[in-house]
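**Q** For reference, the structure I am asking about is given below.
The values are calculated or read from the model by the stated rules, or taken from the named source; none is laboratory data. A quick note: this is a predicted structure, and the numbers were derived from the prediction, not measured. Cβ placement follows ideal geometry from the backbone for every residue including glycine, while neighbour counts extend to all protein chains displayed. What goes into the accessible areas is simple: the full protein's heavy atoms, side chains included, and nothing from ligands, DNA or RNA. Shrake-Rupley method; radii C 1.70, N 1.55, O 1.52, S 1.80 Å.
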Amino acid sequence: MAASSMKRDDRSRQVRENILSVSRDLFIRKGYSATTIRQILSAAGISTGTLYHFFRDKEDILYHLTENHLDETNDLIYSLVSPKPDYILVYTMVIALLLSSVEKYEHVAELYLAMYRSWSICDMICRKSAERNRLNWEKYCRGRSDEWWYARSLAVTGIIQNCIAERMHGGKLSLDERLRL
(Lines give C-alpha, C1' and ligand atoms only; values in the text may rest on other atoms or scores of the structure.)
Protein backbone atom coordinates (compact mmCIF):
# COMPACT_ATOMS: atom_id res chain seq x y z
CA MET A 1 0.00 0.00 0.00
CA ALA A 2 1.36 3.42 -0.90
CA ALA A 3 2.34 5.84 1.87
CA SER A 4 -0.29 8.39 0.81
CA SER A 5 -2.98 5.72 0.90
CA MET A 6 -1.90 4.67 4.42
CA LYS A 7 -1.96 8.31 5.57
CA ARG A 8 -5.44 8.73 4.06
CA ASP A 9 -6.63 5.56 5.82
CA ASP A 10 -5.14 6.75 9.12
CA ARG A 11 -6.79 10.16 8.71
CA SER A 12 -10.14 8.54 7.90
CA ARG A 13 -9.85 6.31 10.97
CA GLN A 14 -9.03 9.36 13.13
CA VAL A 15 -11.99 11.36 11.78
CA ARG A 16 -14.36 8.41 12.32
CA GLU A 17 -13.08 7.85 15.87
CA ASN A 18 -13.40 11.57 16.59
CA ILE A 19 -17.04 11.54 15.45
CA LEU A 20 -17.73 8.55 17.70
CA SER A 21 -15.91 10.07 20.67
CA VAL A 22 -17.64 13.45 20.35
CA SER A 23 -21.03 11.77 19.87
CA ARG A 24 -20.56 9.51 22.90
CA ASP A 25 -19.66 12.54 25.03
CA LEU A 26 -22.66 14.54 23.82
CA PHE A 27 -25.06 11.60 24.23
CA ILE A 28 -23.90 11.08 27.82
CA ARG A 29 -23.84 14.76 28.78
CA LYS A 30 -26.97 16.00 26.98
CA GLY A 31 -28.91 12.80 26.30
CA TYR A 32 -29.36 10.98 23.02
CA SER A 33 -32.63 12.61 22.01
CA ALA A 34 -31.42 16.11 22.91
CA THR A 35 -28.23 15.77 20.85
CA THR A 36 -28.52 16.97 17.27
CA ILE A 37 -26.44 16.22 14.20
CA ARG A 38 -25.52 19.94 14.13
CA GLN A 39 -24.09 19.68 17.64
CA ILE A 40 -22.06 16.64 16.63
CA LEU A 41 -20.76 18.45 13.55
CA SER A 42 -19.81 21.50 15.57
CA ALA A 43 -18.10 19.56 18.36
CA ALA A 44 -16.23 17.34 15.88
CA GLY A 45 -15.28 20.30 13.69
CA ILE A 46 -16.43 18.58 10.50
CA SER A 47 -18.82 19.20 7.63
CA THR A 48 -22.13 17.46 7.05
CA GLY A 49 -20.65 15.59 4.09
CA THR A 50 -17.81 14.25 6.22
CA LEU A 51 -20.19 12.89 8.84
CA TYR A 52 -22.42 11.25 6.24
CA HIS A 53 -19.38 9.73 4.56
CA PHE A 54 -18.91 7.62 7.69
CA PHE A 55 -22.44 7.28 9.14
CA ARG A 56 -25.97 7.20 7.68
CA ASP A 57 -27.54 9.09 10.58
CA LYS A 58 -27.49 9.56 14.35
CA GLU A 59 -28.83 6.05 14.89
CA ASP A 60 -25.94 4.62 12.85
CA ILE A 61 -23.52 6.46 15.13
CA LEU A 62 -25.32 4.93 18.13
CA TYR A 63 -25.11 1.49 16.50
CA HIS A 64 -21.32 1.73 16.23
CA LEU A 65 -20.98 3.16 19.73
CA THR A 66 -23.07 0.29 21.09
CA GLU A 67 -20.98 -2.30 19.26
CA ASN A 68 -17.77 -0.77 20.65
CA HIS A 69 -19.32 -0.54 24.12
CA LEU A 70 -20.30 -4.22 24.13
CA ASP A 71 -16.81 -5.28 23.09
CA GLU A 72 -15.10 -3.00 25.62
CA THR A 73 -17.40 -4.12 28.45
CA ASN A 74 -16.78 -7.79 27.70
CA ASP A 75 -13.02 -7.22 27.48
CA LEU A 76 -13.04 -5.37 30.81
CA ILE A 77 -15.09 -7.99 32.61
CA TYR A 78 -13.09 -10.92 31.20
CA SER A 79 -9.86 -9.17 32.23
CA LEU A 80 -11.16 -8.99 35.80
CA VAL A 81 -12.09 -12.68 36.02
CA SER A 82 -9.27 -14.24 34.01
CA PRO A 83 -7.65 -16.70 33.53
CA LYS A 84 -10.53 -19.09 34.36
CA PRO A 85 -13.72 -17.08 34.13
CA ASP A 86 -16.78 -18.14 36.06
CA TYR A 87 -19.49 -17.57 33.44
CA ILE A 88 -22.23 -17.02 35.97
CA LEU A 89 -20.12 -14.24 37.44
CA VAL A 90 -19.42 -12.77 33.99
CA TYR A 91 -23.09 -12.87 33.04
CA THR A 92 -24.21 -11.19 36.26
CA MET A 93 -21.41 -8.61 36.07
CA VAL A 94 -22.51 -7.53 32.57
CA ILE A 95 -26.10 -7.02 33.70
CA ALA A 96 -25.15 -5.48 37.06
CA LEU A 97 -22.80 -3.00 35.40
CA LEU A 98 -25.49 -1.99 32.92
CA LEU A 99 -28.26 -1.60 35.50
CA SER A 100 -26.00 0.19 37.99
CA SER A 101 -24.89 2.75 35.41
CA VAL A 102 -28.52 3.28 34.38
CA GLU A 103 -29.50 3.77 38.02
CA LYS A 104 -26.82 6.40 38.57
CA TYR A 105 -26.97 8.38 35.32
CA GLU A 106 -30.26 9.40 33.71
CA HIS A 107 -28.71 10.22 30.33
CA VAL A 108 -27.11 6.77 30.27
CA ALA A 109 -30.52 5.25 30.96
CA GLU A 110 -32.01 7.23 28.09
CA LEU A 111 -29.12 6.16 25.87
CA TYR A 112 -29.72 2.49 26.66
CA LEU A 113 -33.43 2.88 25.92
CA ALA A 114 -32.57 4.41 22.55
CA MET A 115 -30.31 1.42 21.86
CA TYR A 116 -33.03 -1.08 22.70
CA ARG A 117 -35.72 0.81 20.78
CA SER A 118 -33.72 0.66 17.57
CA TRP A 119 -34.35 -2.71 15.95
CA SER A 120 -30.96 -2.80 14.18
CA ILE A 121 -29.14 -2.10 17.45
CA CYS A 122 -31.30 -4.45 19.52
CA ASP A 123 -30.80 -7.21 16.96
CA MET A 124 -27.02 -6.70 17.04
CA ILE A 125 -27.04 -6.79 20.86
CA CYS A 126 -29.07 -10.03 20.80
CA ARG A 127 -26.84 -11.66 18.18
CA LYS A 128 -23.67 -10.79 20.13
CA SER A 129 -25.26 -11.93 23.39
CA ALA A 130 -26.45 -15.18 21.84
CA GLU A 131 -22.98 -15.88 20.47
CA ARG A 132 -21.28 -15.11 23.79
CA ASN A 133 -23.85 -17.08 25.79
CA ARG A 134 -23.57 -20.07 23.48
CA LEU A 135 -19.80 -20.14 23.97
CA ASN A 136 -20.13 -19.84 27.73
CA TRP A 137 -23.13 -22.08 28.35
CA GLU A 138 -23.05 -24.71 25.57
CA LYS A 139 -21.93 -27.45 27.95
CA TYR A 140 -25.15 -26.96 29.96
CA CYS A 141 -27.46 -26.69 26.95
CA ARG A 142 -26.00 -28.99 24.32
CA GLY A 143 -27.41 -29.15 20.84
CA ARG A 144 -29.45 -25.96 20.95
CA SER A 145 -29.99 -24.07 17.70
CA ASP A 146 -28.85 -20.55 16.91
CA GLU A 147 -32.51 -19.53 17.07
CA TRP A 148 -32.82 -20.95 20.60
CA TRP A 149 -29.84 -18.90 21.82
CA TYR A 150 -31.10 -15.80 20.02
CA ALA A 151 -34.61 -16.15 21.50
CA ARG A 152 -33.20 -16.32 25.04
CA SER A 153 -31.02 -13.30 24.41
CA LEU A 154 -34.02 -11.44 23.01
CA ALA A 155 -36.05 -12.30 26.13
CA VAL A 156 -33.31 -11.11 28.51
CA THR A 157 -32.85 -7.95 26.43
CA GLY A 158 -36.59 -7.29 26.74
CA ILE A 159 -36.45 -7.66 30.52
CA ILE A 160 -33.47 -5.30 30.71
CA GLN A 161 -35.19 -2.76 28.46
CA ASN A 162 -38.31 -2.84 30.60
CA CYS A 163 -36.28 -2.49 33.81
CA ILE A 164 -34.63 0.60 32.36
CA ALA A 165 -37.97 2.01 31.19
CA GLU A 166 -39.47 1.36 34.62
CA ARG A 167 -36.56 3.19 36.23
CA MET A 168 -36.97 6.14 33.84
CA HIS A 169 -40.75 6.39 34.05
CA GLY A 170 -41.73 5.20 37.46
CA GLY A 171 -38.89 4.01 39.58
CA LYS A 172 -41.02 1.85 41.85
CA LEU A 173 -38.45 -0.97 41.85
CA SER A 174 -35.15 -0.68 43.66
CA LEU A 175 -31.87 -1.48 41.94
CA ASP A 176 -31.70 -4.69 44.00
CA GLU A 177 -35.12 -5.74 42.71
CA ARG A 178 -34.13 -4.98 39.11
CA LEU A 179 -30.96 -7.02 39.56
CA ARG A 180 -32.96 -9.95 40.97
CA LEU A 181 -35.15 -9.88 37.85
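**Q** Between Lys84 and Arg13, what is the label-point separation in nm under the 7 Å Cα-to-beta-carbon projection?
**A** Distance between the two pseudo-spin positions: 3.7 nm.
**Q** Can I ask one more? Which aspartates and glutamates have a Cα lying under 18 Å from the Cα of Lys104, excluding residues fewer than 8 positions away in the same chain?
**A** Hits, sequence-local ones excluded: Asp25, Glu166, Asp176, Glu177.
**Q** Mean shadow of the chain, computed from the convex hull of its alpha carbons, in nm²?
**A** If you wrap the Cα atoms of the chain in a convex hull and average its projections, you get 13.1 nm².
**Q** Skip the ligands, DNA and RNA, and give the accessible area per residue of region 11-106 with a 1.4 Å probe, whole Å².
**A** 59 Å²
**Q** Also, I was wondering about something else. Magnitude of the Cβ-charge dipole of region 29-145, K/R +1 and D/E -1, about the Cα centre, nearest 20 debye?
**A** Charge dipole of region 29-145: 200 debye, to the nearest 20.
**Q** What does the charge count around Thr73 come to, taking other residues whose C-beta lies under 12 Å from its C-beta (Lys +1, Arg +1, Asp -1, Glu -1)?
**A** Value of the local net charge: -2.
**Q** Further, regarding this structure: Share of region 90-181's accessible area from carbon and sulfur, percent, 1.4 Å?
**A** Summing carbon and sulfur atoms, their accessible area is 56 percent of the total for region 90-181.
**Q** To the nearest 10 degrees, how steep is helix 58-81 against the longest Cα principal axis of the chain, on a 0 to 90 scale?
**A** Taking Cα atoms only, the helix is inclined about 50 degrees.
**Q** Quick one: compute the contact order of region 32-149, relative version, from alpha carbon pairs under 8 angstrom and 6+ residues apart, as a percent.
**A** 25 percent
**Q** Calculate, in nm to one decimal, what Ala155 and Asp123 gain on full extension: separation in residues at 0.36 nm each, minus their alpha carbon distance.
**A** Taking Ala155 through Asp123 to full extension adds about 10.3 nm, to one decimal.
**Q** Would you list which aspartates and glutamates come within 18 Å of Lys172, measuring only between C-alpha atoms, while excluding same-chain residues fewer than 8 positions from it?
**A** The reachable aspartates and glutamates, counting only those whose Cα sits under 18 Å from Lys172, are Glu103, Glu106, Glu110.
**Q** Need one word for region 49-137: rounded, prolate or oblate. Basis is the Cα gyration tensor (sqrt eigenvalues a ≥ b ≥ c); a/c below 1.5 gives rounded, then a/b vs b/c decides.
**A** prolate
**Q** How far, in degrees from 0 to 90, does helix 3-30 lean away from the longest principal axis of the Cα atoms of the chain, to the nearest 10?
**A** Helix 3-30 and the main axis of the chain meet at about 60 degrees.
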